[in-house]
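Engineer: This structure is in structure tokens; I'll ask about it shortly.
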Amino acid sequence: MVEDLYFPIKLRVVPTVRDPEDGLALSSRNVYLTEEQRAKAPALYRGLCAAQELYSKGTTGRKELIDAVVAEAAKENLDIEYVCLSSPETLEEIDSVTSTGAILSSAWRMGNTRLIDNILIGFEF
């Protein structure tokens, strides 16, 4: 969008800051989690990492990568809103990771708190 609308700015993409103990993305929303929810929340990130590991072993299909995320999240009964494999160029959903890579993203609820996370697969900014 920045490019399409000729905004005179530079967009910088930076890595997600994560808890060094369990990898949960640091967010102001985390303060709303109960102790039990906070302990379960990193399961989604573990799922994203499992999908990334599958990709590193040659898996590129949307279903297989998303299934890896869902399987890990199910271990903690997370209330997943979505898991999406998207093009890094258009953000449209794609069926498999291509030579340009993909973004694997998710949102889930823990009580009244909505959490989001994503990883880059097959590319870096």
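Engineer: Quick one: is Glu76 over 13 Å from the mean Cα position of the chain (by Cα), farther than 16 Å from Ile119 by Cα and touching a residue at least 24 places away in the same chain (Cβ under 8 Å)?
Structural biologist: yes
Engineer: Another one. Does Ala43 fit the bill of being under 22 Å from Phe125 (Cβ atoms), open to solvent by less than 90 Å² (accessible area, probe 1.4 Å) and among the hydrophobic types (A, V, I, L, M, F, W, C)?
Structural biologist: no
Engineer: Which residues, taken from region 20-44, are in a loop (DSSP other than H, G, I, E, B) and under 16 Å from Asn118 (Cα atoms)?
Structural biologist: Hits for region 20-44 are Asp22, Gly23, Leu24, Leu26, Ser27, Ala41, Pro42.
Engineer: Hey, another quick one. Hey, can you tell me all the residues within region 79-110 that are in contact with a strand residue (DSSP E or B) (Cβ under 9 Å, 6 or more places away or on another chain), part of a loop (DSSP other than H, G, I, E, B), touching a residue at least 12 places away in the same chain (Cβ under 8 Å) and surrounded by fewer than 16 Cβ atoms within 10 Å (Cβ to Cβ)?
Structural biologist: Answer for region 79-110, where residues must be in contact with a strand residue (DSSP E or B) (Cβ under 9 Å, 6 or more places away or on another chain), part of a loop (DSSP other than H, G, I, E, B), touching a residue at least 12 places away in the same chain (Cβ under 8 Å) and surrounded by fewer than 16 Cβ atoms within 10 Å (Cβ to Cβ): Ser87, Leu91, Asp95.
The values are calculated or read from the model by the stated rules, or taken from the named source; none is laboratory data. What you see is a predicted model, and the numbers here were worked out from it, not measured in a lab. Cβ sites come from the backbone with ideal geometry, for glycine too, and all protein chains shown count toward neighbours. Ligands, DNA and RNA are stripped out before the accessible areas are found, and what is left, the full protein with its side chains, is counted by its heavy atoms. Shrake-Rupley method; radii C 1.70, N 1.55, O 1.52, S 1.80 Å.
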